[in-house]
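This report refers to the structure that appears directly beneath it.
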Amino acid sequence: MDGLDVDPNKRRISLGLKQTMDNPWDSFAEKFPIGNAVEGEIRNITEFGLVVGLPGDIDGMVHLSDISWNQAGEEALEIYNKGDNVKVKVLDVDVEKERISLGIKQLSEDPFTVAGGSIRKGEVITCTVSEVSDGGIEVKTTGGLSSFVRRSDLSRDRSEQRPDRFAVGEKVDAKVVNFDASSRRISLSIKAKEIDEEKQAMKDYGSSDSGASLGDILGAALREREQQSAANEEETDEEITSTDNDDSEAPLDGSSEPNSSD
């Protein structure tokens, strides 16, 4: 034991046992530097996160914000139980304060960064409706990112700004009006996409200044799309017909034509 204090007046000597042993927080920091992974048992679940037992009979904390990339802390907390074994990543070790910060979500890459790498502000992307509410629709991108399209962004026409026009599982195209990787937020607008399409139609087929109405301009654009689609279908039918004719002209038994001299 180490002598901590001597009080002659009271004839008292204070001794310490733990001072003769290695500091477990020092030992943990040496064995598991920041960035390393370690496994432990969940000893307690609090409003702040998970208390995880670590080697050396010490505890570390997984804060609510470090449990999941995609779920809110309280929601992510529900899948864990006291006594569960979990794998965690060491985020910080404060030996003086005897505090260890751990993370679970840091064991994998941020899906927002991975999936959002190909998304650019201003482009149009295809999404799938995952939820419909009075305020708008929740959608998911092909990379699995979630975004909420507000009611006012569902259409340029006010009468069409109705969430009930959409169904869960339906595919929709929307323009990326904002993409912020730091705040992990992607903002989408169907209305902005429609406005861009109208501007492009005016550019390609004339303007209202030339006497054409917006309906005439958009109608011309729609008719051209339909004509192009019909032309593509005709080409496909002709190819199929040509292939069928070639097959019918060939002898069924594979023999050559009879010799005229026979």
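The values are calculated or read from the model by the stated rules, or taken from the named source; none is laboratory data. Quick caveat: nothing in here was measured; it's all calculated off a predicted structure. Glycine gets a Cβ as well: all are built from the backbone with ideal geometry, and neighbour counts include every protein chain shown.
Would you tally the residues in segment 15-40 being in a strand (DSSP E or B) and either within 36 Å of the chain's Cα centre (by Cα) or modelled with pLDDT of 60 or more (or both)? Adding up the residues that qualify gives 4.
When residue 79 is tested against the conditions (1) more than 17 Å from residue 36 (Cβ to Cβ); (2) not in a loop (DSSP other than H, G, I, E, B), the lone failure is (2). The test for being part of a helix (DSSP H, G or I), surrounded by 13 or more Cβ atoms within 10 Å (Cβ to Cβ) and at pLDDT below 90 does not hold for residue 69. So, of the residues in segment 128-170 that are touching a strand residue (DSSP E or B) at 6+ places or on another chain (Cβ under 8 Å) and among the basic types (Lys, Arg), which turns out to be modelled with the lowest pLDDT? The residue in question is 140.
Evaluating residue 204 against the criteria (1) surrounded by 14 or more Cβ atoms within 10 Å (Cβ to Cβ); (2) farther than 26 Å from residue 69 by Cβ; (3) not aromatic (Phe, Trp, Tyr) leaves one unmet condition, (1). Kindly provide the set of residues from segment 145-184 that are loosely packed, with under 14 Cβ neighbours inside 10 Å and not in a loop (DSSP other than H, G, I, E, B), ordered by number. Correct list: 152, 158, 159, 160, 164, 165, 171, 173, 178, 180. In the condition set (1) touching a residue at least 60 places away in the same chain (Cβ under 8 Å); (2) touching a strand residue (DSSP E or B) at 6+ places or on another chain (Cβ under 6 Å); (3) among the acidic types (Asp, Glu), residue 98 is compliant with all but (2). Per this entry, residue 125 is not counted among residues that are modelled with pLDDT of 95 or more, in a strand (DSSP E or B) and not acidic (Asp, Glu).
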